[in-house]
Amino acid sequence: MAMYGGLSASALAMLTQSSAFGTISQNITNMNTGGYKSSSTRFETILASTYDTNSDVGGVRTYRVNNIEQQGEIISTTNPNDIAINGKGFFVLNTAQDGTGQSFYSRDGAFALKNEGTGTITGSFRSDGSIDITDANGANTVTFNHDNSYLVDKNENFVQGWTADESGNIDPTSALTSLRVDRFAFVADAIATTTANLTGNIPADSDTGGTQVFKANIFDATGANRSFELVLTKSAIAQEWTAHFDTSSDPSLATPSSATPQTLNFGTSGELSAGTTIESNLTFTDGTTVDFSLDVSNLTSIGSTFLYNGFDKNGRAPGDLQSYSFDQDGHINGTFTNGLTRTLYKLPMATFANTNALENRQGNLFSETTESGEPAMREANLTGFGTFIPFSHELSNVNLANEFNNMILVQQAYNTAASAFKTMDEMTKTAADLKA
């Protein structure tokens, strides 16, 4: 039985070394695949179950070890849709836009925009309804014209994240959603002006009855600009002025806000000691009203020069989403056409109790297994977990030098097993010839 055991063991050795070579080939083939995680082949002894442990009938078999936890090299890119993970964690993906499909996990953060119902849009296009990706010398954002555009991976799986509220706050216990980032995905609603601040100087040596005029704009509830003039008139009392709002700068203004002018006393220092707020109620011919408080505490009356240094106000016009960008915490921050910037989403980091037990799937993806455990959704920058690096891409973790070393070892083992098989075959033939 020793001869047949030798044949069996040699044959198994060649099969297992072939399997090991296949793993090496797979690693080398994917050495430039972004986010690819290499595998290693391990060997274990097998014995025929019908023989005892002293039997020479047995062989070897392989099992694969995934090197998923090993970090790949991170390189910089000029694509604003690229983002890498440095440390533990995975991007979360779903095959369905509504999140009801199959979940996958990936380290490949080379994302793109997909217009729902069409193919993935990449590249740099102009005036044809596509997107324009700026280079590293540009605004470092993505500008687009598409409706219903979602972030997807190269397999067109939808990237998942937490949605922020209107204040930009994130609830990491909330459900994950697909990340829609087209211009109509979010709207920055109009907000009427409620407070404003005037900074300037009016001449202290003005003649009685002389006027100084400050022109400014405010937002109404629809976000439209409304113009007005604040007119200051010098009284006969030193350093005393009266203030009222005039209609001359806006013919649609039906009534001035202050029928009774407000008195401003600047005192000997030229600064207001009291009465630093003017309450306004402007009514326009279309019935629109704007109530706001004007802070004039930064208004002075010194010297002989009129200065209009600035008029700051709150409120805003309505705005559509204009662009977005990633940050190191995984926030996706949107900039709107009205100048507002706020957080739209946050990318989670999926972690597993046994990362190397994840199952490799088509398209450089992973799925959970019983051995890996269920994913835990964590925020970036927490102790022991990864961070996001925008404008970056993680390469594979394949070590080419190690792969060639392994290839030499596998080749030697295969050749040796083949020689043993050939020798045992010749010995078997010799034994058979003896019977003849």
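The values are calculated or read from the model by the stated rules, or taken from the named source; none is laboratory data. These figures come from a predicted structure and were not determined experimentally. Note: ideal-geometry Cβ built from the backbone for every residue, glycine included; neighbour counts use all protein chains shown.
Yes/no per residue for (1) over 30 Å from GLN322 (Cβ atoms); (2) acidic (Asp, Glu); (3) free of Cβ contacts under 8 Å to residues at least 40 places away in the same chain; (4) in contact with a strand residue (DSSP E or B) (Cβ under 9 Å, 6 or more places away or on another chain):
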site: LEU340; (1), (2), (3), (4): no, no, no, yes
site: ASN356; (1), (2), (3), (4): yes, no, no, yes
site: GLY363; (1), (2), (3), (4): yes, no, no, yes
site: LEU409; (1), (2), (3), (4): yes, no, yes, no
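Within the stretch 380-390, if we keep just the residues that are farther than 14 Å from PHE91 by Cβ and in contact (Cβ under 8 Å) with a residue 12 or more places away in the chain, the residue that is surrounded by the most Cβ atoms within 10 Å (Cβ to Cβ) turns out to be ASN381.
Here HIS393 clears all of (1) part of a loop (DSSP other than H, G, I, E, B); (2) in contact (Cβ under 8 Å) with a residue 60 or more places away in the chain; (3) farther than 19 Å from THR41 by Cα except the condition numbered (1). Is it the case that GLU371 is of a type in the set (D, E, K, R) and in a helix (DSSP H, G or I)? The answer is no for GLU371.
Within the stretch 30-61, the residues that satisfy the criterion of being within 30 Å of ALA357 (Cβ to Cβ), modelled with pLDDT under 85 and among the charged types (D, E, K, R) are ARG42, GLU44, ARG61. Among what's in the stretch 188-208 and is hydrophobic (A, V, I, L, M, F, W, C) and over 22 Å from PHE266 (Cα atoms), pick the residue that is surrounded by the most Cβ atoms within 10 Å (Cβ to Cβ). Result: ALA188. Looking at GLN212 and the list (1) at pLDDT below 90; (2) in a strand (DSSP E or B), which single condition is not satisfied? It fails just one condition, (1).
Annotation note: Cβ proximity below 6 Å between a residue of the stretch 68-88 that is touching a residue at least 60 places away in the same chain (Cβ under 8 Å) and farther than 12 Å from ILE389 by Cα and a residue that is assigned to a strand (DSSP E or B) and of a type outside the set (Asp, Glu) (sequence gap 6+ or interchain) occurs for LYS88/THR351. Among the criteria (1) closer than 30 Å to ILE83 by Cα; (2) modelled with pLDDT of 95 or more; (3) not aliphatic (A, V, I, L, M), the one GLN328 does not fulfil is (2).
For the stretch 168-196, the candidate set comprises residues that are outside any loop (DSSP other than H, G, I, E, B) and among the β-branched types (Val, Ile, Thr); within that set, the residue that is farthest from GLY339 (Cα to Cα) is THR177. Does the stretch 330-342 include one or more residues that are surrounded by 18 or more Cβ atoms within 10 Å (Cβ to Cβ), β-branched (Val, Ile, Thr) and out of contact with any Ser or Thr (no Cβ under 8 Å at 6 or more places or on another chain)? Checked the stretch 330-342: no residue is surrounded by 18 or more Cβ atoms within 10 Å (Cβ to Cβ), β-branched (Val, Ile, Thr) and out of contact with any Ser or Thr (no Cβ under 8 Å at 6 or more places or on another chain).
When VAL159, VAL142 are checked against the criterion of being more than 14 Å from SER325 (Cα to Cα), surrounded by 15 or more Cβ atoms within 10 Å (Cβ to Cβ), at pLDDT 50 or above and within 18 Å of the chain's Cα centre (by Cα), VAL159 stands alone in meeting it. The set of residues in the stretch 330-364 being in contact with a Leu (Cβ under 7 Å, 6 or more places away or on another chain) and more than 22 Å from PRO172 (Cβ to Cβ) consists of PHE336 alone. Only a single criterion out of (1) outside the structural domain of MET427 (by TED's automatic domain parsing); (2) at pLDDT below 80 is not satisfied by PRO80, namely (2).
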